[in-house]
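So the structure is just underneath, and the comments pick up after that.
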Amino acid sequence: MTVLNNPVIGISSTIKKHNNTPSVDVNEKYIQAITQAGGVPIVLPIGTEEMAEQWVSLCDGILLTGGEDVGPYLYHAHPSPQIQKTNEKRDKIESKLIIQAQNQKKPILAICRGLSILNVALGGTLIQDINTYTPNAINHNQQAARSDATHEVEIDESSYLYNILKRSKIRVNSMHHQAIDVLSPALKKVAITAPDGMIEAVEGIDENPLVLGIQWHPEELASKDPSMVALFQAFIGECNQPKKTN
Ligand code: MN
């Protein structure tokens, strides 16, 4: 029997009711994307904050997934009437995972809500509802299929992201009503939507370990767009550092 020794990727999850029973929930597309890129996915449930250090030490990288709005109390704002469902326990666990990943030098890939919680955990703030607070914004909450690319993003050519995708303009899907407002001092913006300036991707100021946050959903595009597979492969490559033997 062959034993895999590929990077183990901890994937954040939420709780949703299945058959009326609260259950651990994660979109299977994330599992498929990590597997396709050569990683070994494990799903991290919403446990306790104390578990974050051990979870991160078990993993070679952390994938923060899409989902609920981030609670505005985390960035000292009152909830807007347009705030949607939040999940305080998830906010707290994911914040701890981010801090632990930074401490333990483990790469982070943060998608959609993942980008929001990444920015907030590292000291940034969010626009709570794009339509309300940015009236000239283009549509970021598409009604098209999740796998349809509906708006263009412009990518900074000096970024790691550009290095992976090799294109300064790409079309992506967009399923968010929140966006980064004040960017964390630990992050730099590397992609925007040109008409409204919304931040669509960020990277860590420090290059090592990789911290990459993206507002769109590459896991939904991977079956149509090979560059989105390349994105996951790049992340797995960053997680594939020699393991410490002690
Ligand atoms: Mn968007």
| What relative contact order, as a whole-number percentage, does the stretch 97-246 give when Cα pairs under 8 Å and 6 or more residues apart are counted? | 29 percent
| remark: Dividing the mean separation of Cα pairs under 8 Å (6+ apart) by the residue count of the stretch 17-106 yields a relative contact order in percent of 32 percent
| task | Could you check what % of the DSSP bridge pairs in the chain are antiparallel, to the nearest 5? | result | 60 percent
| message | Shape verdict for the stretch 108-246, please, from the Cα gyration tensor: rounded (a/c under 1.5), prolate (a/b greater than b/c) or oblate. | response | oblate
| note | Checked the stretch 63-155 with the C-alpha gyration tensor, a ≥ b ≥ c its square-rooted eigenvalues, rounded below a/c of 1.5, otherwise prolate if a/b is larger than b/c and oblate if not; verdict oblate
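Going by how many other beta carbons lie within 10 Å of each one, how would you line up Met51, Met198, fewest first?
Ordered by Cβ neighbours within 10 Å, fewest first: Met51, Met198.
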| Sequence-separation-based contact order of the stretch 176-246, relative, with Cα cut under 8 Å and 6+ spacing, percent | 18 percent
| Residue-averaged 222 nm ellipticity for the chain, from DSSP H runs of 4+ at -39500 (n - 2.57), nearest 500 | -8000 deg cm²/dmol
| query | How do the peptides 227-233, 112-118, 71-77 rank, highest first, by the average count of neighbouring beta carbon atoms within 10 Å per residue? | reply | 112-118, 227-233, 71-77
| message | Here is the link list: Lys106/Lys188; Lys17/Lys89; Lys166/Lys188; Lys96/Lys224; Lys96/Lys169. Which ones come out longer than 25 Å on Cα distance? | response | Lys96/Lys224; Lys96/Lys169
| field | Whether the chain is rounded, prolate or oblate, judged on the alpha carbon gyration tensor where a/c under 1.5 counts as rounded | value | rounded
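Taken together, the values in this text are just the output of simple stated rules run on the coordinates, not laboratory data. Note that the coordinates shown come from a computational prediction; the quantities given were computed from them, not determined experimentally. Cβ atoms come from the backbone with ideal geometry, glycine included; neighbour counts cover every protein chain shown.
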